[in-house]
Amino acid sequence: MNGSSGLDWMAVLRSGRPLSEAGIRVIDAHAHLGPYFNFYIPHPDVDTMVTMMERLGTEQAWICSIPACGADIGRGNDTTAMAVRKYPDRFVGYASVNPHYPERMQAELERSFDELGLRMIKVHPSIMEYPVSGPGYEPAWRFAAERRTIVLSHTWTGGSVCAPKQFEPLAKEYPDVTFILGHSGGTPAGYVEAIEVAQKYPNIYLDLCRSVMSRVWVERIVTEAGPDRVLWGTDFPFIDPIYVLGRLASSALSDEAKRKVFGENAVKLRGQLV
Amino acid sequence: MRLFDANCAVGTWPSDRVAYETVDELLAEMDRLGIERALVSHTLAQHFDAPEGNRILMQVLAGRERLLPCWTVLPLSCGEMGSAQELIQDLAGANVRAVRLYPRTHSYSLDIWQCGDLLGALSERRYVVLIDIDQTDWSEVGRTCAAYPDLSLVITQLGYRQFRFLFGLWAQHPNLYCDLSNFSTYLGVEEVLQRLGSDRLLFGSGLPTLDAGGAIARVFYTRAPESDIEAIAHGNLERLLARVQMGKEGAR
């Protein structure tokens, strides 16, 4: 790690200017859209999201609308698609699935990809209260393999539904699917587990999407999983993206590592989408 | 733009590896991040013994003008902090203008039957009192703000799920503040500026368990008049500390 080489990242942060103006590519690989029942979110609409992206210099966000994460998959996928249609350069859409209805999954994914224009898959085993290793998700893995796409999953250690280790058999069985372990397992114990899994399987990526995290963990996740294997994600507008931006930008990671995580890795992954 | 950190600590940490432990390391981190001054507690006052932690805090901060002490205090029921008068004297003797409370970790209630004498004495002197939201609940916060209107009560490490509670109380209590260490509601700072102005928010890093970069970015990426940003970055904390009426220093 060498935070002193290359760009003066603290000067960029203190300028408050979009990172893109400093030549940094920023892609948010873990974002949402819309309100949530559990707490108040000011202005979670798509137009305000684009305004925030312009403020930070985020060129693109990969989104899954909040209802698609659990409340109503069909309505949620439609909402995601509307945002993508309105801002096709700004957003790439994740299609979501409900593992309690595996018989509907193939049709909903075909509708989402082929009619709505969504390109990746997001699963949230915690909200669905269904283990990622369960048979209800199998149609989604088969579809992802067939389309050689990316699957973003919420991951959290401590529960039994989506701990990072539960992705090992999936990564092994579906080598053509890229799995992004959202939140990198969510807790310090989860970060360790996520790093271990990422080290073992080249098709597993981690993201830095957390409302709180010390820079010790930011630096350890990127260094130990590898700077080519970590993505910048924020959960926005579920959570304020500015904190996640500041956390990575101010870390003691090398200039090269920060640039990879902020966007270069996501650009490469996006390029692999069929 | 000067940054005055309302919320950081020095010392060892039991449950995770942290970015620094000593005062020299804290100052190096502040230099790296561009933080000018900080209100500092000692982790031993949280995780070992409050009076001993405060004593060690004063030792390690001696001669460090950029670092202001923030003591951790306890209810007066068991006599660990002395009487109310003695505590006020001790705070004055150490030039301490802000204190921290950990009701959950330290096993006491914030209610009047438990903390009435402590909070009454602090309120009389207009002290700044900091408390992590996970150390209390919003009803307790509301009762405390109402019962001690001259206290400046600063909620730290807020999180992103609290705005319905927060705005419910903010409408009623002008002595309620929040730091930015985890003020992570999307567009939350902008919402506060629009509804209440810039007086209620203080820059705070949450170091060492949280990362200062997030709160620093939150200051500089807020689109607001320069005067509002200055208030959040340092002005509000300076104002709250300046209104503390120190007691008379006394021998113990």
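The values are calculated or read from the model by the stated rules, or taken from the named source; none is laboratory data. A quick note: this is a predicted structure, and the numbers were derived from the prediction, not measured. In this analysis, Cβ positions are derived from the backbone assuming ideal geometry, glycine residues included, and neighbour counts consider all displayed protein chains.
Let me confirm something: among B:Asp179, B:Asp134, which residue is out of contact with any Phe, Trp or Tyr (no Cβ under 9 Å at 6 or more places or on another chain) and either within 18 Å of B:Leu237 (Cα to Cα) or surrounded by fewer than 19 Cβ atoms within 10 Å (Cβ to Cβ) (or both)? One residue alone meets the criteria, B:Asp134.
When A:His32 is tested against (1) more than 11 Å from chain B (Cβ to nearest Cβ); (2) touching a residue at least 60 places away in the same chain (Cβ under 8 Å); (3) in contact with a helix residue (DSSP H, G or I) (Cβ under 6 Å, 6 or more places away or on another chain), exactly one condition is not met: (1). Under the condition of being closer than 16 Å to A:Lys260 by Cβ, in contact with a Ser or Thr (Cβ under 7 Å, 6 or more places away or on another chain) and either aliphatic (A, V, I, L, M) or surrounded by 24 or more Cβ atoms within 10 Å (Cβ to Cβ) (or both), the residues counted in the stretch A:209-233 number 2. For the condition among the small types (Gly, Ala, Ser) and either more than 14 Å from chain B (Cβ to nearest Cβ) or under 14 Å from the mean Cα position of the chain (by Cα) (or both), A:Gly246 does not qualify.
The residues in the stretch A:151-187 that are outside any loop (DSSP other than H, G, I, E, B) and crowded, with 19+ Cβ neighbours inside 10 Å can be counted, and the count is 18. Within the stretch B:1-28, the set of residues being more than 13 Å from chain A (Cβ to nearest Cβ), at negative phi, out of contact with any Phe, Trp or Tyr (no Cβ under 6 Å at 6 or more places or on another chain) and not polar (S, T, N, Q) comprises B:Phe4, B:Asp5, B:Ala6, B:Val10, B:Val23, B:Asp24, B:Leu27.
The strands (runs of 3 or more DSSP E) found wholly in the stretch A:19-119 and carrying at least 1 residues that are modelled with pLDDT of 95 or more and within 14 Å of A:Phe238 (Cα to Cα) occupy A:27-31, A:60-63. For the stretch A:253-270, the condition holds for no residue, the condition being that it is more than 19 Å from A:Ser133 (Cα to Cα) and facing chain B (nearest Cβ under 10 Å).
Looking at B:Gly235, B:Gly204, B:Gly159, B:Gly168, just one residue is crowded, with 23+ Cβ neighbours inside 10 Å and either in contact with a Ser or Thr (Cβ under 9 Å, 6 or more places away or on another chain) or within 14 Å of chain A (Cβ to nearest Cβ) (or both), and that residue is B:Gly204. Taking helices (runs of 4 or more DSSP H) as the structural unit, those lying wholly within the stretch B:29-129 and holding at least 2 residues that are surrounded by 22 or more Cβ atoms within 10 Å (Cβ to Cβ) and on the phi < 0 side of the Ramachandran plot correspond to B:50-61, B:84-93, B:112-124. Does A:Tyr201 satisfy the criteria of being more than 16 Å from the chain's Cα centre (by Cα), among the aromatic types (Phe, Trp, Tyr) and away from chain B (no Cβ under 14 Å)? In short, yes. Within the stretch A:81-95, not a single residue is away from every other protein chain (no Cβ under 14 Å), of a type in the set (Ser, Thr, Tyr), buried (at least 19 other Cβ atoms within 10 Å of the Cβ) and over 30 Å from A:Leu13 (Cβ atoms). Cβ-Cβ distances below 7 Å connect the following pairs, each with a first residue in the stretch B:18-45 that is modelled with pLDDT under 95, a second residue that is assigned to a helix (DSSP H, G or I) and not small (Gly, Ala, Ser), and a separation of six or more residues or different chains: B:Val18/A:Val216; B:Ala19/A:Arg215; B:Ala19/A:Val216; B:Ala19/B:Glu29; B:Tyr20/B:Leu26; B:Tyr20/B:Glu29.
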